[in-house]
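*Asks:* I have a structure here, written as structure tokens, and I will follow up with some questions on it.
What follows is calculated from the coordinates using simple rules that are stated; it is not laboratory data. Bear in mind the structure is a predicted one, so any value in this text is a computation, not a measurement. Every residue, glycine among them, receives a Cβ derived from its backbone with ideal geometry; neighbour counts consider all protein chains shown.
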Amino acid sequence: MTGEVFAHSLIYLFAHNPGGAMGVMLNKPLDMVHHATLFQQLGIEFMRDDSDLAVHHGGPVEENRGFVLHSNDYATEDTLVQPSGISVTASMTILRDIARGKGPAQALLGIGYAGWAAGQLEAEIESNYWLTAPASSVIAFYPDDDAKHAMAAKSLGIDMCRYSIHVGHA
């Protein structure tokens, strides 16, 4: 694991099998990208101005691809429905439905994704690069992106103010 792209990141892992893993970062907003502008660039007529679809840097892989993480109240044949309450849809249909006001109650658009080859994520977890926690729709769709990392850690009983990545010797 290299670079700062994953520093303090919270990733929703939505696919994991012997071939590898995929996820979307939940707490890295793309402040310079507004969903209405993105819809316009995609040729989608935006019919409502009250949408609060958050656009995030989903990860460094295929940054021309989008993944909508959303509440389970919406599904198409392309939706990966998860028992965690966080479903994933990677099609233009959901973006059109959001633009028409017919999308999910809660949604987050990740541009790109975080990906791992076979065994890579497991090796990183064994090397203590990652903490793992159960998925939480409350955390995923929480409006304060800066708070999400600490909320996930707190769900594990960890106070990030007392956590250090540095090793000391006494």
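*Asks:* Full-extension gain between Ala7 and Ser155, please, as 0.36 nm times their residue separation minus the C-alpha to C-alpha distance.
*Replies:* Stretched out fully, the Ala7 to Ser155 stretch lengthens by 51.4 nm.
*Asks:* Additional query: Over all pairs of distinct alpha carbons, what does the Kirkwood formula give as the hydrodynamic radius of region 11-162, in Å?
*Replies:* Details: mean 1/r = 0.0621 Å⁻¹.
This gives a value of 16.1 Å.
*Asks:* Scan the chain and report its longest stretch carrying no GluC sites (Glu not before Pro) that are both in a DSSP loop and have at most 15 other Cβ atoms within 10 Å. Mind showing how you got there, number by number?
*Replies:* Values: sites that count: Glu4, Glu45, Glu77.
Free of exposed loop sites, the longest segment is 78-170.
*Asks:* Would you mind working out the magnitude of the charge dipole of the chain relative to its Cα centre, with +1 at each Lys and Arg C-beta and -1 at each Asp and Glu C-beta, to the nearest 20 Debye?
*Replies:* Here the size comes out at about 140 debye.
*Asks:* In terms of modelled amide H atoms, which long-range or inter-chain residues lie less than 5 Å from the amide H of Gly112?
*Replies:* Gly58, Arg65, Gly66, Phe67
*Asks:* List, in order, the whole-Hz ³J(HN,Hα) value for each residue of region 135-141 obtained from phi through the Karplus relation with A = 6.51, B = -1.76, C = 1.60 and θ = phi - 60°; use x for Gly and Pro.
*Replies:* Residue by residue, region 135-141 yields 5, 9, 5, 4, 6, 4, 9 Hz.
*Asks:* If you fit an axis through the alpha-carbon atoms of helix 145-155 and take the longest principal axis of the Cα set of the chain, what angle between them do you get, 0 to 90°, nearest 10?
*Replies:* Between helix and principal axis, roughly 50 degrees.
*Asks:* Between Ala123 and Asn17, what is the label-point separation in nm under the 7 Å Cα-to-beta-carbon projection?
*Replies:* Result: 2.2 nm between the two label points.
*Asks:* For the chain, modelled as a GNM with alpha-carbon contacts under 10 angstrom, which of Gly59, Gly20, Gly85 fluctuates the most?
*Replies:* In this elastic network of the chain, the residue with the biggest mean-square fluctuation among Gly59, Gly20, Gly85 is Gly20.
*Asks:* If I take R0 = 30 Å and measure r between the Cβ atoms of Trp130 and Val33 in this structure, what FRET efficiency does the formula 1/(1 + (r/R0)^6) give, to the nearest 0.05?
*Replies:* 0.70
*Asks:* At 7 Å along Cα-to-Cβ for each site, give me the label-to-label distance between Arg162 and Ala75 in nm.
*Replies:* The modelled label-to-label distance comes out at 4.1 nm.
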